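Novice: Below you'll find the structure I mean.
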Amino acid sequence: MLEIKNLHVKTAEDENEILRGVDLTIPEGEVHAIMGPNGSGKSTLAYVIAGKEDYEVTEGDILWKGESLLEMAPEERAAAGLFLAFQYPVEIPGVATMTFLRTAVNALRKARGGEELDVAGFMRLAREKADALNVSQEMLKRPLNVGFSGGEKKRMEILQMALLEPSLCILDETDSGLDIDALRIVAEGVNALRGPERTICVITHYQRLLNYIVPDRVHVLSKGRIVESGGKELALELEKSGYAAYQDEAA
Amino acid sequence: MNYAVQSTETEAERALREHFDAIASELPGADDAAFAKLRSDAMARFAKLGLPHRRIEEWKYTDLKAAIKEAYPPAKDAAEPIDENDIYDVLGRGFDELLCYRIVVADGRLVPELSHIDGLGDRMEIRSLREAVADDDRRAWVVAELEGTLAPDNDPVVALNTALMSDGAVIRVAEGAEINRPIHVVFVTGATEPETVSLRNLIEVGVGARATILETYSTRRTPQVLRNSVTQVRVGAEARLAHIKLQNQAMPARDLATWMVRLHEGAQYRGFQFTIGSALSRNQIYLRFEEPGASAHLAGATMLWDEQHSDTTLYVDHAAPECTSRELFKYVLDDRARGVFQGKVSVKPGAQKTDGKQMAQGLLLGQFAEFDSKPELEIFADDVVCGHGSTSGQIDETQLFYLRARGLPEEVARAFLIQAFIGEALAEVENEEIREALRMMAAAWLSHSRA
Ligand SMILES: Nc1ncnc2c1ncn2[C@@H]1O[C@H](COP(=O)(O)OP(=O)(O)OP(=O)(O)O)[C@@H](O)[C@H]1O
Ligand SMILES: [Mg+2]
């Protein structure tokens, strides 16, 4: 279970709070969606969960399986099962995609007390997962994310998620920039991971994604607070009425 | 000896002059009047100039007068000769197994027993400078090459080298010959006492020939060495040379290394320098396009820590039209290390269709590390494409976070990013075995500097 309790966050330099008391609980095995206007703090929430240093938590806590994540380094959080699919995956020139993937897979296997994969074993696994997500062998030969199209970057994120076997997945606008076929492929990739031991949080602007990945709950984040929660119908309502009502409320 | 001495002579400078007076009669070519004059003229120039200091523009960042307080005596033959095991230890993984022609110069003299230069036939000549100077048929050629250097007369480091040079490698690749194995020239210290080593290498690649030459500068015994080496290169028309220098001398060694490269019509030259050693090093490259249609790729990777100081200074002279030059120099600087890059590209009148691009980048790991970069373009032709750039920065935190979020421990993630940075320069080395050996060295440097 992921429990976010009264989370207040500001940037290291700035006094303005970006998150102003977020309360959110996602029980194990469930899929929740977070929606909300631009600039409401969705990515900030995702980054803070993953441990980005630009932000400062001034109050509250984030518990995963009962343990606070706040004092853990990003790699320790990854070892604890967390995976963040970035809204803007980072290009890293000079780092070979396959070398990076193998190092990450083995670092996590080792940290979680599992067996490391040898080169051949890893190659087999990577090929299989890449084929399922329509990630070409040619893409795997390039430096990490360098020169990838927006959609290719998102598919690479999902490939990493499939390889790293997380138990808590946060997908930050993974659907943005995807064409219709890619959206279906990515959604299938996420759904394949769905299961009683996986907790998933999808951040999205579009109800369309939720047709493919049907959420257990939908939350609205506005001006740094969860202002509404409901079933999957909430996404449909938002599609029609927009966020105007919540923005007034939160102000 | 009779010449003017600068008024501000330091003790070290005087000692260097006295060394010359003491050993001049034993140096190669001493019995040849032309050769002896070359040396004494050079010493007279050095006496007048002295060691370069920061008030001389080209030496602004690297003040040898201040840094060299003590002149070690000239290299003598080591009491205990270097053997195959020493070479093995010096070269390290990747290079010890490199299938190559090899020449070993210990201290100031070539060691024939450790040099593998058999079976060359008439495709190539490899011998020591000492031997070439003693050869009546070669001496005139050597003198002509030495007289026509690319360095200006007022380069004190080259003048000092000309006066004191005791040996080096002479490599001549015959016209049209394709030498597939690299030629590896290994310079080590075998002596246990501090020494000044002065080396001169002469390389000539004949018309249409191809070769790969690797120079390694290392220390086996004393690290208290002032090494001054000059390598003169001539690449003939349509010939190709890959030229690599590796310098991993222990501290507190000092390394002064000058390359002078002349390129003839359509020649292709790739020069690469890998610097991880020495407390202080200065790499000078003088390169001149003598004839049209030639190309030069110069690249370098420098990785420093502690208080190491390394300076790369280039003079690329586009004296002929339709030539291409590319430079990419990268520095990884930890602790209080200092990297210096000075790159001057000069396009002479009439050198139309010149295509020159230059980039220097510093990655600062240490809080007190410093990177000074001074690119300089001087263009006297109108139909040219020239550009230069320089960056200096720290590890990209966004990239670091991305890797760590995927489970890479911080140190591993940093190493990935540093290797990626330096890897772009290493990619300029075309020979796969040498490139991989250099990659291993870069990786070893990373674990070393972190320890
Ligand atoms: N590192 C930072 N420094 C300064 N301000 C920041 C930083 N990160 C986020 N902010 C600010 O915090 C607010 C929330 O940003 P965030 O990226 O979390 O929004 P979001 O809900 O993900 O928006 P979008 O839907 O556009 O992706 C914005 O006003 C943004 O400018
Ligand atoms: Mg966002």
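Novice: Could you list, in sequence order, the residues of the range A:24-45 that are in contact with a helix residue (DSSP H, G or I) (Cβ under 9 Å, 6 or more places away or on another chain), within 10 Å of ligand 2 (Cβ to nearest atom) and farther than 19 Å from A:Gly231 by Cβ?
Specialist: Within the range A:24-45, A:Ser40 is the sole residue that qualifies.
Novice: Out of A:Thr103, A:Thr44, which single residue is within 9 Å of chain B (Cβ to nearest Cβ), open to solvent by less than 60 Å² (accessible area, probe 1.4 Å) and β-branched (Val, Ile, Thr)?
Specialist: A:Thr103
Novice: Also, quick follow-up: For B:Gly148, all conditions in the list (1) out of contact with any helix residue (DSSP H, G or I) (no Cβ under 8 Å at 6 or more places or on another chain); (2) at pLDDT below 95; (3) open to solvent by 40 Å² or more (accessible area, probe 1.4 Å) hold save one; what is the number of the exception?
Specialist: Single failed check for B:Gly148: (3).
Novice: Here's another thing I want to ask about it. Search the range A:192-211 for residues that are among the polar types (S, T, N, Q) and pair each with any residue that is open to solvent by 40 Å² or more (accessible area, probe 1.4 Å) when their beta-carbon atoms are under 7 Å apart and the residues are at least 6 apart or on different chains.
Specialist: Correct list of pairs: A:Thr199/A:Glu28; A:Thr199/A:Glu30; A:Gln207/A:Leu236; A:Gln207/A:Glu239.
Novice: Also: Are there any pairs, at least 6 apart or on different chains, whose C-beta atoms fall under 7 Å, with the first in the range A:71-89 and at the interface with chain B (Cβ under 8 Å from one of its Cβ atoms) and the second in a strand (DSSP E or B) and open to solvent by 30 Å² or more (accessible area, probe 1.4 Å), and if so, which?
Specialist: That search, which allows pairs on different chains as well, returns nothing.
Novice: May I ask you to say which residue of A:Met1, A:Met35 is open to solvent by 60 Å² or more (accessible area, probe 1.4 Å) and among the hydrophobic types (A, V, I, L, M, F, W, C)?
Specialist: Result: A:Met1 is the single residue among A:Met1, A:Met35 that is open to solvent by 60 Å² or more (accessible area, probe 1.4 Å) and among the hydrophobic types (A, V, I, L, M, F, W, C).
Novice: What is the one condition in (1) surrounded by 16 or more Cβ atoms within 10 Å (Cβ to Cβ); (2) in contact (Cβ under 8 Å) with a residue 40 or more places away in the chain; (3) not hydrophobic (A, V, I, L, M, F, W, C) that B:Ser115 does not satisfy?
Specialist: For B:Ser115, the failing item is (2).
Novice: Residues in the range B:434-445: is at least one open to solvent by less than 50 Å² (accessible area, probe 1.4 Å), touching a Ser or Thr at 6+ places or on another chain (Cβ under 8 Å), over 20 Å from A:Pro143 (Cα atoms) and not in a helix (DSSP H, G or I)? Lay out the reasoning, then the answer.
Specialist: Going residue by residue through the range B:434-445, those that are open to solvent by less than 50 Å² (accessible area, probe 1.4 Å) are B:434-435, B:437-438, B:441-443, B:445.
Among the residues that remain, those that are also touching a Ser or Thr at 6+ places or on another chain (Cβ under 8 Å) are: B:434.
Keeping just the survivors that are over 20 Å from A:Pro143 (Cα atoms) gives B:434.
Those still in the list that are not in a helix (DSSP H, G or I) too: none.
No, the conditions are met nowhere in the range B:434-445.
Novice: Identify all residues within the range A:183-206 that are over 22 Å from A:Gly114 (Cα atoms), away from ligand 1 (no atom under 16 Å from the Cβ) and open to solvent by less than 10 Å² (accessible area, probe 1.4 Å); write none if there are none.
Specialist: Hits for the range A:183-206 are A:Leu183, A:Val186, A:Ala187, A:Val190, A:Ile200.
Novice: Quick one: would you say B:Asp396 is within 14 Å of chain A (Cβ to nearest Cβ) and open to solvent by 40 Å² or more (accessible area, probe 1.4 Å)? Break it down into steps so the answer makes sense when it comes.
Specialist: Numbers: within 14 Å of chain A (Cβ to nearest Cβ): yes; open to solvent by 40 Å² or more (accessible area, probe 1.4 Å): yes.
Criteria met by B:Asp396.
Yes/no per residue for (1) surrounded by fewer than 16 Cβ atoms within 10 Å (Cβ to Cβ); (2) in contact (Cβ under 8 Å) with a residue 40 or more places away in the chain; (3) closer than 22 Å to B:Glu307 by Cβ:
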position	(1), (2), (3)
B:Phe371	no, yes, yes
B:Phe380	yes, no, no
B:Asp383	yes, no, no
B:Ser390	no, yes, no
B:Tyr402	no, no, no
B:Pro409	no, no, no
B:Asn431	no, yes, no
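To keep it simple, each residue is scored yes or no on (1) in contact with a Ser or Thr (Cβ under 6 Å, 6 or more places away or on another chain); (2) modelled with pLDDT of 95 or more; (3) not charged (D, E, K, R).
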| position | (1), (2), (3) |
| --- | --- |
| A:Leu108 | no, yes, yes |
| A:Ala111 | no, yes, yes |
| A:Val135 | no, no, yes |
| A:Met139 | no, no, yes |
| A:Leu144 | yes, yes, yes |
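Novice: Of the numbered conditions (1) more than 11 Å from ligand 1 (Cβ to nearest atom); (2) among the polar types (S, T, N, Q); (3) modelled with pLDDT under 95, A:Asn16 satisfies every one except a single condition; which is it?
Specialist: Evaluating A:Asn16 over (1) more than 11 Å from ligand 1 (Cβ to nearest atom); (2) among the polar types (S, T, N, Q); (3) modelled with pLDDT under 95 leaves (1) as the failure.
Novice: Name the strands (runs of 3 or more DSSP E) wholly within the range A:131-242 that hold at least 3 residues that are within 16 Å of ligand 2 (Cβ to nearest atom) and out of contact with any Phe, Trp or Tyr (no Cβ under 8 Å at 6 or more places or on another chain)?
Specialist: A:199-203
Novice: What tally of residues in the range A:159-182 results from selecting those that are more than 16 Å from ligand 1 (Cβ to nearest atom) and in contact with a Ser or Thr (Cβ under 7 Å, 6 or more places away or on another chain)?
Specialist: 2
Novice: Related question: With A:Gly177, A:Gly195, A:Gly151, A:Gly189 as the choices, which residue is in contact with an Asp or Glu (Cβ under 8 Å, 6 or more places away or on another chain), at pLDDT below 95 and away from chain B (no Cβ under 14 Å)?
Specialist: Matching residue, one of A:Gly177, A:Gly195, A:Gly151, A:Gly189: A:Gly151.
The values are calculated or read from the model by the stated rules, or taken from the named source; none is laboratory data. The structure displayed is predicted, hence computed values, not measured ones. In this analysis, Cβ positions are derived from the backbone assuming ideal geometry, glycine residues included, and neighbour counts consider all displayed protein chains. Only protein heavy atoms, including side chains, enter the accessible area calculation; ligands, DNA and RNA are left aside. Shrake-Rupley method; radii C 1.70, N 1.55, O 1.52, S 1.80 Å.
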